[in-house]
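Participant: Before I ask anything, here is the structure I am working with.
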Amino acid sequence: MASSLNQRMVFPVMVVVGMFCLLVTPSIAELPRFKHPPKKQQSLNILVLGDWGRKGTYNQSLVANQMGIVGEKLDIDFVISTGDNFYEDGLKGVDDPAFYQSFIHMYTAPSLQKTWYTVLGNHDYRGDVEAQLSPILKQKDSRWLCMRSFILDGEIVEFFFVDTTPFVEEYFTDPGEHTYDWEGVLPRLAYVSKLLKDVDSALAQSKAKWKMVVGHHTINSAGHHGSTEDLKQLLVPILEANNVDAYINGHDHCLQHIIDNNNGIHFITSGGGSKAWSGDVKPWKLEELKLYYDGQGFMSMQITKSTAYIIFYDAFGKVLHTWSISKDRNVAAWI
Ligand SMILES: *[C@@H]1O[C@H](CO)[C@@H](O)[C@H](O)[C@H]1NC(C)=O
């Protein structure tokens with residue numbers, strides 16, 4: 001549903017990014033890589049949460065409590081955070097008490113004492129980004145692992161975490177009253193084009209059965225922010241070319257599951273970690289929209305070699321939607 005205005009804005013960006021690809025000498029720099037094999041050989045079990053850090057308010061603590069219960073039931077391997085970790089303006093520094101109030105003292109259940117693989121959201125970029133990326137936070141709580149972009153090899157599945165905030169031109173050209181911490185990101189187009197190249201080559205080299213990309217911003221969404229056109233133009237062709245199974249994001253404060261008719265990719269929004277936008281939904285093709293829930297909650301994934309099961313839960317742990325994605329069927333169809 002690209003408006004002509006957005007297309008006009010994005011097209012010059014693509015041209016300029018294309019020029020950068022020609023001008024900048026290719027570097028071999030790679031994305032940082034982590035390994036986290038499943039505890040149980042047959043399945044990798046995880047929880048996915050987004051848009052959460054509000055010191056327990058807006059039902060953050062209800063969601064945290066249910067995550068603890070579901071996390072225990074599934075005996076999870078780790079947690080993924082899709083960003084907007086600390087509202088309203090990220091962390092002020094490594095000693096910001098919000099790290100305790102919104103994270104350490106919030107997700108206290110034994111089942112949640114696992115690594116939290118975390119990306120940054122646009123609200124995190126309004127604070128001290130280096131603080132949120134700092135190893136000092138890992139000393140305060142060993143679960144914390146936040147980087148701009150990285151790869152997580154879970155043996156059965158490979159996750160590619162992408163720093164999506166720099167893709168959104170509007171934050172740079174029209175920041176309004178907000179101040180963003182762009183240190184390490186400028187010049188923007190060089191940053192974005194290098195990141196796209198790194199993600200593309202990492203995806204192309206991946207031998208994983210499942211490939212999933214995680215970012216903060218939406219790509220296909222019926223929510224308040226809607227689809228992020230800059231990502232649709234620049235990242236989606238890379239997802240398609242590399243047979244990515246799913247793109248997982250936050251940003252819209254809802255739970256949502258869209259299967260794109262054009263490419264079969266699952267677009268999954270888990271952005272219900274605290275404040276939700278009740279009633280804020282745009283029309284979407286019904287055959288693509290499998291779930292739209294405008295309240296708080298989170299999601300689980302259980303991934304085996306043949307099947308990925310996804311389940312969405314509300315703030316009371318009630319199951320809202322389940323779906324299974326089968327690899328075998330895809331292989332059969334392909335043969
Ligand atoms: C908390 O959740 C309940 C049930 O979904 C909802 O009615 C209420 O509005 C929520 N509170 C806030 C502050 O979002």
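Participant: Give the Debye-formula value of log10 I(q)/I(0) at each listed q (0.12, 0.22, 0.24, 0.27 Å⁻¹), with one equal scatterer per alpha carbon of the stretch 191-258, two decimals each.
Facilitator: Normalising to I(0) and taking log10 leaves -0.31, -0.97, -1.11, -1.28.
Participant: Here is a follow-up. How large is ³J(HN,Hα) for each residue in the stretch 45-57, as worked out from phi by the Karplus curve 6.51 cos²θ - 1.76 cosθ + 1.60 (θ = phi - 60°), to whole Hz, x for Gly and Pro?
Facilitator: 10, 9, 10, 10, 9, x, 6, 10, x, 10, 6, x, 6
Participant: Please report, ordered by residue number, every helix of the chain (full DSSP H runs) that is 24 Å or longer along its axis going by C-alpha atoms and whose mean Kyte-Doolittle hydropathy reaches -0.5. Mind dumping the intermediate values first?
Facilitator: Details: long enough: 4-23 (29 Å, 1.60); 188-205 (26 Å, 0.18).
Correct list, ordered by number: 4-23, 188-205.
Participant: Which value, in nm² and rounded to one decimal, describes the direction-averaged projected area of the C-alpha convex hull of the stretch 205-335?
Facilitator: 8.2 nm²
Participant: Let me ask something else. What lysines could a cross-link reach from LYS55, if we take a straight Cα to Cα line under 22 Å and drop same-chain neighbours fewer than 8 places away?
Facilitator: Candidates past the 8-residue exclusion: LYS92, LYS114, LYS138, LYS140, LYS275.
Participant: VAL214's amide H: which non-local residues (gap 5+, or another chain) put their own amide H closer than 5 Å, with H modeled 1.01 Å from N in plane and none for Pro or chain starts?
Facilitator: PHE160, PHE161, VAL162, ILE248
Participant: Hey, what do the phi angles of the stretch 165-176 turn into as Karplus ³J(HN,Hα) couplings, whole Hz, using 6.51/-1.76/1.60 and θ = phi - 60°, x for Gly and Pro?
Facilitator: Taking θ as phi minus 60°, the curve returns 4, x, 6, 8, 4, 4, 5, 8, 8, 9, x, x Hz for the stretch 165-176.
Participant: From the P(r) of the chain, can you give the percent of Cα pairs sitting at distances over 37 Å?
Facilitator: Working: 5869 of 55945 pairs.
Roughly 10 percent, once rounded to a whole number.
Participant: Computed FRET efficiency, Cβ-Cβ of ALA109 and LYS207, R0 22 Å: what is it to the nearest 0.05? Write out the running numbers ahead of the final one.
Facilitator: Values: r = 35 Å, r/R0 = 1.57.
It comes to 0.05.
Participant: If you don't mind, there's one more thing I want to ask. First obtain the Kirkwood hydrodynamic radius of the stretch 53-138 from its Cα pairs, then insert it into the Stokes-Einstein equation at 25 °C and 0.890 mPa s, and state the resulting D in µm² per second as a whole number.
Facilitator: Working: Rh = 13.2 Å.
D = 186 µm²/s.
Participant: In nm, to one decimal, how far is the LYS305 label point from the LEU286 one, both placed 7 Å along Cα→Cβ?
Facilitator: According to this spin-label approximation, the distance is 4.1 nm.
Participant: Related question: ³J(HN,Hα) across the stretch 268-283 via Karplus (A = 6.51, B = -1.76, C = 1.60, θ = phi - 60°), whole Hz, x for Gly/Pro?
Facilitator: 10, 9, 10, x, x, x, 8, 5, 10, 10, 4, x, 8, 9, 9, x
Participant: Test of understanding: given the chain, find the longest segment containing no GluC sites (Glu not before Pro) that are in a DSSP loop and have at most 16 other Cβ atoms within 10 Å. Write down the numbers at each step before the final one.
Facilitator: Numbers: sites that count: GLU30, GLU88, GLU155, GLU177, GLU183, GLU287, GLU288.
Longest stretch, sites excluded: 184-286.
Participant: Counting helices only, and only those DSSP H runs with n ≥ 4, report the 222 nm mean residue ellipticity of the chain as the sum of -39,500 (n - 2.57) divided by its residues, in deg cm²/dmol to the nearest 500. Write down the numbers at each step before the final one.
Facilitator: Working: 9 runs with 88 residues, N = 335.
-7500 deg cm²/dmol, from helical runs alone.
Participant: Relative contact order for the chain: what percent, with Cα pairs under 8 Å and sequence separation of 6 or more?
Facilitator: Details: 744 pairs, mean separation 67.5, N = 335.
Relative contact order here is 20 percent.
Participant: Loop-only trypsin sites (Lys or Arg not before Pro) in the stretch 238-335, please: DSSP not H, G, I, E or B, and at most 10 other Cβ atoms within 10 Å.
Facilitator: Details: sites: LYS275, LYS285, LYS290, LYS305, LYS318, LYS327, ARG329; in loops: LYS275, LYS285, LYS305, LYS318.
Within the stretch 238-335, the qualifying trypsin sites (Lys or Arg not before Pro) (loop, at most 10 other Cβ atoms within 10 Å) are LYS318.
Participant: Dipole of the stretch 4-334, Cα-centred, from +1 at each Lys and Arg C-beta and -1 at each Asp and Glu C-beta, to the nearest 20 debye?
Facilitator: Working: 30 positive and 38 negative charges, 212 e Å.
That gives the stretch 4-334 a dipole magnitude of about 1020 debye.
Just so you know, all these numbers are worked out from the coordinates, no wet-lab data involved. On a predicted model such as this, the values are computed, not experimentally measured, just so you know. All Cβ positions, glycine included, derive from the backbone under ideal geometry; neighbour counts span all protein chains shown.
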